[in-house]
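The values are calculated or read from the model by the stated rules, or taken from the named source; none is laboratory data. Note that the coordinates shown come from a computational prediction; the quantities given were computed from them, not determined experimentally. No Cβ is skipped: glycine too gets one built from the backbone with ideal geometry, and neighbour counts run over all protein chains shown.
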Amino acid sequence: MNRISGRQALSAGFGVIAREPAAFLVWCVVCFALGVVPQMLTIGPTLAMLGAMADGGGASSPEVLAAQAQAMRYQPIIYLCSLAAVVLVPGAIFRAVLFPEDRGIMYLRVGARELWMALIVIVLFVMYFIAIFVGMIPFLIVVGMAGFMARDGGSPLGLGLLAAVLMLALIGVLLWGLLRFSLAPVMAFAEKTFRLTESWSLTRGHAGKMLLVAVALTVLTLLVEVVIFGVFFAWAGSVVSLPALTADPQGALTTLGVPFLTAAGIAFSLLSGAAYTVWGATWADIYRQLAVKPSDVFA
């Protein structure tokens, strides 16, 4: 059985960025076009809603509800753009790792590989939605019993502890299942066919190492996000005060101006592109390491 090199997997994304800086920047532009631009459509309604709430309007006030309804009109566009980003950018990263000779237009394209990958992602989403729904049933039953006991004057401590144990168990099972099925999108992309249970077989005995890799990537991602958000928070705080931001969000945004919004959009795009690249390349490299016949990956 092949073994996973965590160090090799973690360095795969940075290797792709160093090898293909132009492609990486194009992926960031795609993240901006499909992630930032659609969200900009909701800036006006969101500011109107915050302004109405700052003026004393409740969550059910006509002004707030009207702003929410206006923002909801753009949700189909946002969802479609998000789906396009999930198909295009990870597909390009998988191709850069597994098929580096198939460069094309910065590895971006929509073909059979992307369609199989998208199908697997949809199937996994439905699977986990069902798993969460089913897993929550015993938890909700225990919580309901604890509520009845508390109402009748009993001590719900034991049931509360049981509910906590059930929730932790559900999180553990979902996380374990996520790790075991996490190679399915990469496999479907690489082999241009439906792959689901094959991921479970391929990751047997490797979930622990994959968990450590995922934890390392999560910590790295959070650290970068904290630094970036800290910079922008300090920037905003040097221009407008927190009370002013709360009282008049639209005026505060106007005060911050175009430079702040432009820099925020660029930072978001670079962060999204880097996260896609590092996570996607890591999992593509893990698949490459575990493939029974690595030469088949490049066939």
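Figures for the structure shown
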| read-out | value |
| --- | --- |
| Those residues of segment 111-121 which are among the β-branched types (Val, Ile, Thr) and either over 21 Å from the mean Cα position of the chain (by Cα) or assigned to a strand (DSSP E or B) (or both), in sequence order | none |
| Checking Val219 against (1) aliphatic (A, V, I, L, M); (2) closer than 23 Å to Val121 by Cα; (3) surrounded by fewer than 16 Cβ atoms within 10 Å (Cβ to Cβ), the condition it does not meet | (2) |
| Helices (runs of 4 or more DSSP H) contained entirely in segment 14-64, each with at least 2 residues that are modelled with pLDDT under 80 and either at positive phi or not charged (D, E, K, R) (or both) | 43-54 |
| Residue list for segment 194-216, filter: over 17 Å from the mean Cα position of the chain (by Cα), in contact (Cβ under 8 Å) with a residue 40 or more places away in the chain and surrounded by 14 or more Cβ atoms within 10 Å (Cβ to Cβ) | Phe194, Arg195, Leu196, Leu202, Thr203, His206, Lys209, Met210 |
| Boolean, Ala48 is surrounded by 18 or more Cβ atoms within 10 Å (Cβ to Cβ) and over 30 Å from Trp176 (Cβ atoms) | yes |
| Filter result for Leu183 (surrounded by fewer than 16 Cβ atoms within 10 Å (Cβ to Cβ) and either closer than 27 Å to Ala284 by Cα or modelled with pLDDT under 95 (or both)) | no |
| Candidate set from segment 241-292 (those that are surrounded by 14 or more Cβ atoms within 10 Å (Cβ to Cβ) and not in a helix (DSSP H, G or I)); member that is modelled with the lowest pLDDT | Asp248 |
| Any hit, segment 144-156, residues being among the polar types (S, T, N, Q) and in contact (Cβ under 8 Å) with a residue 24 or more places away in the chain | no |
